[in-house]
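Novice: The following block contains the structure, expressed as structure tokens.
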Amino acid sequence: MSSFVYNAAKLGLLLGDFNLEQDQFKVALLGPGYAPDPDGQAFFSDISAEASGTGYTAGGQSLQNAALLRDDANDRVLLSADGLIWTVATFVTKGALIYKSTGDPATSPLLAFIDFEEELECAGEDFVLQWHEHGILALGD
């Protein structure tokens with residue numbers, strides 16, 4: 001499955017439930033057992049296959065310096081943020097989950113799943129997640 005925005009998040013964006021520049025968002029890495037379900041998964045508590053291992057903390061890392069960029073030339077708005085590093089880590093991951101952290105997994109809404117398109121194994125080294133130069137997400141035509 002490719003990357004996507006969860007359906008509940010699409011509705012939440014239109015209802016104003018997300019402030020992408022002010023709310024606390026986190027990035028959790030998902031293990032090989034994760035089965036993406038854009039229709040049925042809405043909250044962090046719906047996720048059962050988070051990556052685990054040395055150098056990885058459950059719940060993931062906070063997204064830093066999130067910004068929205070209006071791109072009139074391409075008729076879209078882009079979400080960008082700083083890359084993330086898990087240092088001296090040992091785990092296997094197949095993708096990243098971006099979610100709004102409320103402190104309670106049952107009320108922390110999912111935003112998007114970023115599919116790495118293969119399982120990535122990190123064995124005692126830094127795992128660097130660098131977002132695409134055009135941003136993490138694009139909302140447009």
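Just so you know, all these numbers are worked out from the coordinates, no wet-lab data involved. Remember, predicted model here, so these are calculated numbers, not experimental data. No Cβ is skipped: glycine too gets one built from the backbone with ideal geometry, and neighbour counts run over all protein chains shown.
Novice: Find me the longest stretch of the chain that has none of the exposed GluC sites (Glu not before Pro), where exposed means in a DSSP loop (not H, G, I, E or B) with at most 15 other Cβ atoms within 10 Å.
Specialist: For GluC sites (Glu not before Pro) (loop position, at most 15 other Cβ atoms within 10 Å), the longest site-free span of the chain is 22-132.
Novice: Oh, and also: I need the semi-axes of the equivalent ellipsoid of region 4-140: take the C-alpha gyration tensor, multiply each eigenvalue by 5, square-root it, list largest first in whole angstrom.
Specialist: Semi-axis lengths for region 4-140 are 24, 18, 14 Å.
Novice: Which residue fluctuates the most in the chain, going by a Gaussian network model with Cα springs under 10 Å, if the choices are Gly60, Gly124, Gly31?
Specialist: Gly124
Novice: Kindly provide the helix-only [θ] at 222 nm of the chain, computed as the sum of -39,500 (n - 2.57) over DSSP H runs of four or more divided by all residues, to the nearest 500 deg cm²/dmol?
Specialist: -2000 deg cm²/dmol
Novice: Return the single residue from Ala89, Ala106, Ala73 with maximal mean-square fluctuation; model: Gaussian network over the chain, springs between Cα atoms under 10 Å.
Specialist: Ala73
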